[in-house]
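As C-alpha cells, the structure follows; a few thoughts come after it.
The values are calculated or read from the model by the stated rules, or taken from the named source; none is laboratory data. It should be emphasised that the depicted structure is a prediction, and the values quoted were computed from it without experimental measurement. Because the Cβ atoms are built from the backbone with ideal geometry, glycine has one as well, and the counts that use them run over all protein chains shown.
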C-alpha cells in the first residue's frame, strides 16, 4: 500500500469514526455564538456519547429483536458508508469498494432500520418522524443520485477516488454542470444532516421532530450508536461536498492537509444557515428538494450538451 | 446428463400433476412436481453455465420444435428456483380437498406451459404455450375460488386485457416468422418499418402479460386472488416468461433498434416503476400491495432493457451487454424475493385469517421463521445492501448513468430522468416495505386471532427459508450470475464469472465484502452494547394512555407522501360529522386514492365500448321484417357497387 493511501486511510478512520461527532458539535457551538449565546463546547457530543455509554438501555414493553438490533444495524451502515467514502483521491480498499452509487443504498439501510424500530416500539411520535423522514428521503435520494451522476459524468467514473481526482482544481468554477450539481448537493447536505430549513436538530417538541423522532425511545448505548451514526452522516456528506463539489487541490497530500479547514468552514456555513433560515413547513420541503433535483438534471443536460 | 435432466424434469412435473389429483398421492404428487421443477431448473442453469444449446435450433417454419439455449436455460433456472419451493409450500398450504387437488393438478400444466414458451423454437409451439400460460392460471383461480362473482369478474378482466393486448404477441411473432426472422436478427432489417412494427407489437403484447404500465390493469386484480403458491408462480415466473419473450424479440431477433425505441422502453419502465410503487403504497391488502410491486419491478427490469437498447443504438456495446445483464439479474432477483413475499403472505393468511394490513401486527414474535424470512424478502425488495435487490438495482443505476455518458442531449436527459426515477423508486420501496414490515411483523398484535397465530408447518417454513437464503446468497455473490448473463447479449463475448461486480468506470461493488463488513460491524456493535438493560417501560406517549385505537395505520404512515403528491394522485376523502345539540357526536372518515390509469384511461374506453355495443344491439330487433330489409339493403348496395365498378 502506498503512503498516500495509508495516510488517507488514517484520516478516514480517525476523522470519520473518532472525530465525526466534532462536526455537529462545531455547528452547535458556532450557531450559539452567532445567536449571542455562549452555547455548548464543540466537544459536547463526545461528552454526551461518553455519558450515554455508561447508562443502561431502556427496553420498551412488547418490543422484539428488530428494536434491539436497529441501532447496531444503523451504526454499522453509517460506518460502512464512512469506509466507502475516501477522504481524498486515494484511500485503502476496506473491502467495500469506493462506488458513489453504493452510498445511496447504505444510507437507505440506516433509514430502514431506524424506521422499522419505530414500528416495533409502536410510538406515535417516532412513527411520525419516521414517516416524514422516509417521505423526504424519496426526494433526497433522487437528488443525491443525480448530483453523484453529474460528478461521475464530469470525472468519467463512479469510483469516488477517481471522482475526487477528476473534479480537482477549480473545476467547479469552469464547469456549469458541476456548479449546478454543487447547488443541488448543498440541499442534500441540509437534508442528510437534518439541518434547517429541512429539520431542526435542537427541537424538543415531539410534533416537529423528523430525524430525532425515531430516537425518542432509545437510551444508553443504543442512543449513543444512533447519535454517532448521525455524526458519521455529517462526515460522509461534508467530505463529499468538500472534495467533490468545492474547489480542492490536485494531489492527495494537499487534499488531506486542506480537509480539516474546509470541513470547519462547511460547519460554519451550516451554522450560518441554521441561524438565518427558519424551518420550512414539512410539506414544502419536497418542493425545495425537487428544485435541487431539477438543477442537477440541468447539470447533466449541460454536461451532455457540452461533451464532444 | 443435462439433456437427460431436461427430459426427466418436465416428465416428473407431468406425472406429479396426475398424482396430485388423487387424494392418496396428493402430497407425493406435489413433491414430485417440486423435484421435477428443481431438476429442470438445475439443468437450465447448467446450460447457462456451459453455454451452447440442446435440442433443435430456431426456425420460422411452422413445425413444432423444442430446444434450450443459454437464455432459455436461465429462465428455466428461474422457474425451478421459484416453483420448487412454491410447490413444497403448497404441500401443506393446500388442503387435499377437491379444490386443493384441482389446484395442485393444474399447477403442472401451468409449469409445463411456461417451460414450453421458454423452450419453444418455432412460432406454433411458442404461441400455443403462450396462450395456455394465460388460460391455465385463469382456470386455477376459478377452481380455487369456487367461481364466486368477484373472481369471475376478475378472471374476465384478466382474460380480456391479456387477450386484447396479447394480440400484439401474435402480430410480432408472426410478422417475424413471415420475414424469416425467428432466430435470425438480420431478417428484420435495422431501422426498417418491419422492425419498428415487430418491436412495438411485442411491447404491447408481451408488455401486457408482464404488467407494464399502462397495460397492467389485470395484474393487481388477478394475482391477489390466486392461492399463495400460484400467486408466487404468477408473479415470480409467469410475468418473467413474458419478459423472456420481450428480450428474445426486442433485444435478440429485431436487430439493432433505432434510438427512439430504446427511449420509449425507458419511458415505459420509469412509468411502471414509479406508478407501481406509488399505488402499492396506498393499498390496504398485503397481496394486492405485493402485486403492484411486481409492476414496479417489471419497470426496473424495463429500465435495464431500455438502457441496453439506447446504449446499443449509440454503439456502446460493452455497456449495452452490462445493461442486459442487469435487467436479467433483476428478473431472477425479483422472482426470488417476490415468491418469498407471496409465500410469506400465504402463511400469514393461513395463521391470522386475514391480510388486511391494519389488522395484523406482531407476527414476528408468533412466527419467527416465516416472519424472519419475510423480513429478509422485504429488505431485498426495498433494494437494501447486502441483499440481492441492491446488487441488481446498483447495476441498473450504473447502466442508466452510461446513457448520458454516451448519448446526445435528448437521450442523455431521458437517461438522467430514468436514473432519478429509479432512485426515487428505491426510496419509495423502502417507505412501502417499512410500512409492511411494521404493520405485519412488528408492534403489538391488532386482533385476537393474530395474537394466537401459530408458526407455519415445516415444509412451508423450509420453502420461505430457502428463498430467503437464496436472496442472501445472490446478494453476496451477484457476479457469479452477472458475468454469464451479460454474456447472453448476442453481440457480447463470454464474460468471466466473479463473486463481486467489477465493471470498468465504476468504483466496483464487492458485494461479498460489503456483506461481510456490514455483518461484522453490526455483530461487533451488538457485542459491545451488551445485554444490560433497565426495567422495561411502556412506550412514550406524552403521558397519555396508549390505546389500540390510536395505533398507527397504513394510511397514517403514508399520509405525508399522499399530501406531497396530492396534485398528481388526487386522493378523495370524505369526512362526515354527526352533531347533536351543537356537540360533535360522531365522525365518519373515508379516504381513497383512486387509480388514475383505471379511471382516466380504461373507464372512458370501457364506457364508450359499452355504449357502442348498446347502439349495435339495436340492429338486432328480433323482427323478421327488419332482417329481410337488411338483406335487401345489402343486396342492393352490392349490386350498386358492382354497377359503379367498386367491386368485382
- State which residue pairs qualify: first residue within 8 Å of chain B (Cβ to nearest Cβ) and part of a strand (DSSP E or B) and inside segment A:153-175, second residue surrounded by 21 or more Cβ atoms within 10 Å (Cβ to Cβ) and at pLDDT 85 or above in any location, beta carbons under 9 Å apart, and separation of 6 or more residues or different chains. A:159/A:97; A:159/A:98; A:159/A:99; A:159/A:100; A:159/A:152
- Go through segment A:254-286 and give me each residue that's more than 20 Å from the chain's Cα centre (by Cα) and either over 30 Å from residue A:39 (Cα atoms) or facing chain B (nearest Cβ under 10 Å) (or both). A:254, A:283, A:284
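Would you say residue A:76 is free of Cβ contacts under 8 Å to residues at least 12 places away in the same chain and buried (at least 16 other Cβ atoms within 10 Å of the Cβ)? Break it down into steps so the answer makes sense when it comes.
On the way: free of Cβ contacts under 8 Å to residues at least 12 places away in the same chain: yes; buried (at least 16 other Cβ atoms within 10 Å of the Cβ): yes.
Judged against the criteria, residue A:76 is a match.
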- If you go through A:119, A:94, the only one that is in a loop (DSSP other than H, G, I, E, B) and either modelled with pLDDT of 95 or more or within 8 Å of another protein chain (Cβ to nearest Cβ) (or both) is A:94
- Note on the structure: Flagged in segment A:122-135 as in contact with a helix residue (DSSP H, G or I) (Cβ under 6 Å, 6 or more places away or on another chain) and within 8 Å of chain B (Cβ to nearest Cβ), in numbering order, are A:125, A:127, A:130, A:131, A:132, A:134, A:135
- Message: Among the residues that make up segment A:218-239, is at least one of them crowded, with 16+ Cβ neighbours inside 10 Å, touching a helix residue (DSSP H, G or I) at 6+ places or on another chain (Cβ under 9 Å) and assigned to a loop (DSSP other than H, G, I, E, B)?
- Response: yes
- Give the residue, chosen from B:500, B:487, B:513, B:493, that is buried (at least 18 other Cβ atoms within 10 Å of the Cβ) and at pLDDT below 80. B:500
- Message: Considering only segment B:235-243, I want to know if a residue exists there that is farther than 22 Å from residue B:58 by Cβ, buried (at least 24 other Cβ atoms within 10 Å of the Cβ) and without any contact (Cβ under 8 Å) to a residue 60 or more places away in the chain.
- Response: yes
- Item | Search result, residues across segment B:367-394 that are more than 8 Å from chain A (Cβ to nearest Cβ), within 19 Å of the chain's Cα centre (by Cα) and in a helix (DSSP H, G or I) | B:374, B:376, B:377, B:378, B:380, B:381, B:388, B:389, B:391, B:392
- Are any residues in segment B:485-527 under 30 Å from residue A:55 (Cβ atoms), more than 7 Å from chain A (Cβ to nearest Cβ) and free of Cβ contacts under 8 Å to residues at least 60 places away in the same chain, and if so, which ones? B:520, B:523, B:524, B:527
- Query: Are any of the residues in segment B:355-366 under 23 Å from the mean Cα position of the chain (by Cα), outside any helix (DSSP H, G or I) and either over 30 Å from residue A:158 (Cα atoms) or more than 10 Å from chain A (Cβ to nearest Cβ) (or both)?
  - Reply: yes
- Item | segment B:535-563, residues that are at the interface with chain A (Cβ under 7 Å from one of its Cβ atoms), assigned to a helix (DSSP H, G or I) and in contact (Cβ under 8 Å) with a residue 24 or more places away in the chain | B:557, B:561
